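Step one of this worksheet: look at the structure below.
The values are calculated or read from the model by the stated rules, or taken from the named source; none is laboratory data. What you are looking at is a predicted structure, and each value in this text was computed from that prediction instead of being measured. Counting neighbours? That spans all protein chains shown, and the Cβs are built from the backbone with ideal geometry, glycine included.
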Amino acid sequence: MVKQNKKRDFLVALMNNKYDFQIAKEQNWYRIPCSTKMVPESVVNNTLKYIAFYHTKIFNEDAYCVRWYGEVKNISIAPRKVLLPEIQNDLKANDEYYKIEFDSIECAINSDY
C-alpha cells in the first residue's frame with residue numbers, strides 16, 4: 001500500500017488570551033515561537049492557506065470552540081521585540097517568531113444558529 005501524502009494547509013491555533021486575540025482581530029496577524037518543537041510544516045515552508053482559532057475557557061461563552069478563521073496571505077520570521085514593541089524589556093524580546101498574516105478574520109458561526 002502506498003502512503004498518501006496528506007496536504008495540511010489549515011491550522012487550528014490555540015487562542016488562550018484576549019490580548020493575542022485583539023492583535024489577530026485588529027492587526028491581522030498571529031505568532032508562533034520558532035522554538036516550538038511542533039511548528040507545522042505548512043508554516044515552515046509557507047504553504048499554510050487558512051488559520052482558525054480555538055478559544056479556551058478565558059473566552060467565557062465563546063470558549064471551547066472554533067469561531068474565527070482567516071485566509072493566510074504571508075508568513076515571515078521576526079523577533080518578538082519587533083512584533084510587540086511595547087514589551088522591549090521582556091526576557092523573550094530577542095526570540096524569533098513566525099508571523100502569520102491575514103487580511104482579516106471572519107466569524108465561522110452564524111449568529112442566528
- Task: Give the range 39-61 a look and list any residue that's within 12 Å of I75 (Cα to Cα) and either buried (at least 17 other Cβ atoms within 10 Å of the Cβ) or among the small types (G, A, S) (or both), or say none.
- Result: S42, V43, L48, I51
- Query: Any chance the range 99-109 includes a residue that's surrounded by 11 or more Cβ atoms within 10 Å (Cβ to Cβ), more than 21 Å from H55 (Cβ to Cβ) and either among the aromatic types (F, W, Y) or more than 17 Å from the chain's Cα centre (by Cα) (or both)?
  - Reply: no
- Note on the structure: Per the filter on the range 62-73, residues surrounded by fewer than 17 Cβ atoms within 10 Å (Cβ to Cβ) and of a type outside the set (D, E) are A63, Y64, C65, V66, K73
- Could you count how many residues in the range 18-38 are surrounded by 13 or more Cβ atoms within 10 Å (Cβ to Cβ) and either at pLDDT below 95 or part of a strand (DSSP E or B) (or both)? 5
- Sole residue being modelled with pLDDT of 95 or more and within 15 Å of L11 (Cβ to Cβ), chosen from E101, E96: E101
- Identify, from the list K49, K92, the residue that is more than 14 Å from the chain's Cα centre (by Cα) and free of Cβ contacts under 8 Å to residues at least 60 places away in the same chain. K92
